[in-house]
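Beneath this line is the structure, given in structure tokens, with notes to follow.
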Amino acid sequence: MDKRTLLALALSFVVFLVWSMLFGPKPKETPTEKQATPAREENQPTAKERKRPPGPKRELMPEAERGSPDITVETGLYVAVFSGSGPQIKSFQLTKYRSKPEKDSPLKELVQVNNKGGYGLSLGFLGENIPNIEWASCKVNRQNIAVKAGAQPESLVYEWESPQGISIRTEFLFYADKYEIGLLVSVANKSDYVIDDTLLFNIAHVPQEMRRSYGSFEGMALLLGNKLEEVKKSKIQGKQFLGQISWIAYEEPYFMTAIISENDKKSTVKGAVLPDGEIRISYIPSPFNLGKGQSITKTFALYLGPRDLYILKTLNKNLAKAINFGWFDIIAKPLLVALRFFNKYLSNYGLSIILLTILIKILFWPLTRKSYQSMKEMRKLQPMMAKIREKYKNNKQEMNKQLMGLYKTYKINPMGGCLPMLAQMPVFFAFYRILPNSIELRHAPFVLWVNDLSAPERLFSFPFTIPLMAPPYGIPVLTLLMGASMFLQQKMTPMTGDPAQAKMMMLLPIVFTFLFINFPSGLVLYWLVNNILSIAQQYRINKQLT
């Protein structure tokens with residue numbers, strides 16, 4: 001393979017990588033619905049036609065007077081705080097995950113809001129159809145809940161009944177070993193008028209200032225029909241979806257807060273960004289209509305936990321479709337399965353990446369050997385190729401014809417040297433998608449100072465900024481080793497072409513070093529090991545072909 005071809009391939013690789021980071025595949029979004037509220041059925045009574053007696057004359061009760069103490073729920077997986085006044089989640093800390101790699105750092109908190117005591121998820125009603133609901137303070141069946149390992153699920157029940165005879169019962173069901181929370185909402189109408197309303201769920205979240213994570217997604221996600229829809233946090237404002245929505249979630253890197261309702265045939269989702277920067281996702285199930293003596297119970301499920309493919313699969317609620325590795329999903333998921341398998345025995349994801357890289361190189365060994373052999377043969381033809389180029393320098397069409405005839409005569413594929421790189425590019429990009437999106441690799445340590453394979457590695461911490469480097473600032477040892485290995489590999493590669501092209505090729509290791517400086521250390525580790533193995537392979541093949 002001549003240097004011009006390899007240079008074009010390498011530059012294409014860089015351009016594609018940068019394009020993927022900055023833009024990536026754009027998810028197709030359902031066109032915005034002009035009407036967010038579900039349409040009413042024909043002959044359904046309007047608000048003016050309903051018989052609605054006024055509620056009792058009383059002032060709005062202050063929160064301090066009607067509020068009850070918060071309720072703490074503890075399981076083996078999380079510690080949650082629910083409001084004592086109504087169905088609202090005010091805090092949700094995951095006991096198996098920390099906010100930072102350090103073991104003494106705070107637990108991971110899923111509820112991120114601006115107001116102290118605010119909620120991350122709440123349940124109410126969309127309309128003003130139920131009298132006195134605005135000052136309703138629910139009764140609860142208990143104050144503190146602890147679900148120990150092996151114990152039966154425990155429930156938290158909110159109950160409220162209006163003076164007119166409308167009762168609302170909300171029950172949360174907690175499991176000892178599940179992030180899933182069952183939810184039943186029952187409305188019974190003993191009043192003299194028709195209730196025509198719908199439930200309203202709100203997910204609130206303030207995106208946190210975090211280090212830049214290439215390839216990760218944060219924003220609103222939902223399963224509309226059987227299709228995953230994703231809206232980045234910067235584009236949530238004004239987004240609406242209408243249809244059969246199996247689940248709706250706010251996703252942040254590695255974690256998600258989701259509402260699941262697989263049986264609702266027609267529901268609405270709206271996204272908004274409040275002036276203070278808080279993101280609000282509203283989920284509106286299909287409406288219900290209750291006459292006197294009628295009641296309804298709606299079943300939902302909540303999921304507040306890690307975006308773990310294996311955990312989400314066990315739910316059997318299509319929530320596993322939230323794990324999306326984009327174009328390279330078909331390669332990324334088998335790689336993730338292999339990494340998890342190796343980690344069972346190695347207990348170190350860094351070592352698992354190294355072992356997987358070795359197996360990939362063994363798999364591509366026949367192709368690699370053939371490519372090096374092709375490059376060696378190409379090198380032998382250089383004198384004849386130089387004569388052809390000189391003879392037909394003013395006739396490129398004839399020059400290419402003569403060169404192709406030379407390749408055919410000696411049975412050489414001019415692109416043979418590119419095959420290993422082309423074959424391994426999908427694997428590289430699959431790793432690129434896995435590292436910032438797989439909870440298994442979050443805060444996964446390797447050795448010494450490399451304590452998080454999903455983040456850039458730095459030796460030491462400098463108090464000053466370094467151009468082109470994302471914080472923290474330090475020495476990117478693995479990245480520098482990776483650049484050095486690329487340089488050595490270039491020096492060993494038998495290539496052809498003029499000296500100017502050779503100098504350009506030697507600049508590529510520098511370009512890749514700067515490109516990788518802010519990449520996750522797990523990705524740099526994969527590329528470094530891949531380079532070292534390629535050098536060893538090239539040394540062995542060069543000796544065999546000499």
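Scanning for something among the acidic types (Asp, Glu) and under 30 Å from ASP192 (Cα atoms), does segment 296-309 turn up at least one residue?
Looking through segment 296-309, none of the residues is among the acidic types (Asp, Glu) and under 30 Å from ASP192 (Cα atoms).
Any chance you could count how many residues in segment 150-182 are in a loop (DSSP other than H, G, I, E, B) and under 16 Å from LEU290 (Cβ atoms)?
3
Just for segment 326-380: of the residues that are at pLDDT 85 or above and not in a helix (DSSP H, G or I), which one is farthest from the chain's Cα centre (by Cα)?
Checked segment 326-380; the qualifying residue farthest from the chain's Cα centre (by Cα) is SER347.
Of the residues in segment 188-204, how many are among the basic types (Lys, Arg) and in a strand (DSSP E or B)?
Summing the residues that are among the basic types (Lys, Arg) and in a strand (DSSP E or B) in segment 188-204 gives 0.
Among the residues of segment 126-168, what is the count of those that are touching a residue at least 60 places away in the same chain (Cβ under 8 Å) and of a type in the set (Gly, Ala, Ser)?
5
Where residues in segment 230-255 are in contact with an Asp or Glu (Cβ under 6 Å, 6 or more places away or on another chain) and closer than 19 Å to LYS265 by Cβ, which of them is surrounded by the most Cβ atoms within 10 Å (Cβ to Cβ)?
LEU242
Give me a count of the residues in segment 430-462 that are farther than 21 Å from GLY474 by Cα and either part of a helix (DSSP H, G or I) or modelled with pLDDT of 90 or more (or both).
8
Can you pull out every residue in segment 298-324 that is farther than 21 Å from ASN202 by Cβ, outside any loop (DSSP other than H, G, I, E, B) and in contact (Cβ under 8 Å) with a residue 60 or more places away in the chain?
PRO306, LEU309, ILE311, LEU315, LYS321
Of everything in segment 424-465, what is of a type outside the set (A, V, I, L, M), touching a strand residue (DSSP E or B) at 6+ places or on another chain (Cβ under 8 Å) and touching a residue at least 40 places away in the same chain (Cβ under 8 Å)? Give them in sequence order.
Once the filter is applied, which keeps residues that are of a type outside the set (A, V, I, L, M), touching a strand residue (DSSP E or B) at 6+ places or on another chain (Cβ under 8 Å) and touching a residue at least 40 places away in the same chain (Cβ under 8 Å), segment 424-465 yields ARG442, HIS443.
Would it be correct to say that GLU262 is farther than 20 Å from PRO520 by Cβ, of a type in the set (Asp, Glu), touching a residue at least 60 places away in the same chain (Cβ under 8 Å) and surrounded by 15 or more Cβ atoms within 10 Å (Cβ to Cβ)? Give the derivation first.
Working: farther than 20 Å from PRO520 by Cβ: yes; of a type in the set (Asp, Glu): yes; touching a residue at least 60 places away in the same chain (Cβ under 8 Å): no; surrounded by 15 or more Cβ atoms within 10 Å (Cβ to Cβ): yes.
Against the criterion (farther than 20 Å from PRO520 by Cβ, of a type in the set (Asp, Glu), touching a residue at least 60 places away in the same chain (Cβ under 8 Å) and surrounded by 15 or more Cβ atoms within 10 Å (Cβ to Cβ)), GLU262 does not qualify.
What's the number of the only condition in (1) under 31 Å from the mean Cα position of the chain (by Cα); (2) free of Cβ contacts under 8 Å to residues at least 40 places away in the same chain that ALA176 fails to meet?
ALA176 satisfies all of (1) under 31 Å from the mean Cα position of the chain (by Cα); (2) free of Cβ contacts under 8 Å to residues at least 40 places away in the same chain except (2).
Conditions: (1) of a type outside the set (A, V, I, L, M, F, W, C); (2) not in a helix (DSSP H, G or I); (3) not assigned by TED's automatic domain parsing to the domain that holds PHE428. ASN394 meets all but one. Number of the miss?
Unmet for ASN394, out of (1) of a type outside the set (A, V, I, L, M, F, W, C); (2) not in a helix (DSSP H, G or I); (3) not assigned by TED's automatic domain parsing to the domain that holds PHE428: (3).
The values are calculated or read from the model by the stated rules, or taken from the named source; none is laboratory data. Keep in mind that this is a model prediction, so the values were computed, not measured. So basically every Cβ, Gly included, is an ideal-geometry build from the backbone, and we count neighbours across all protein chains shown.
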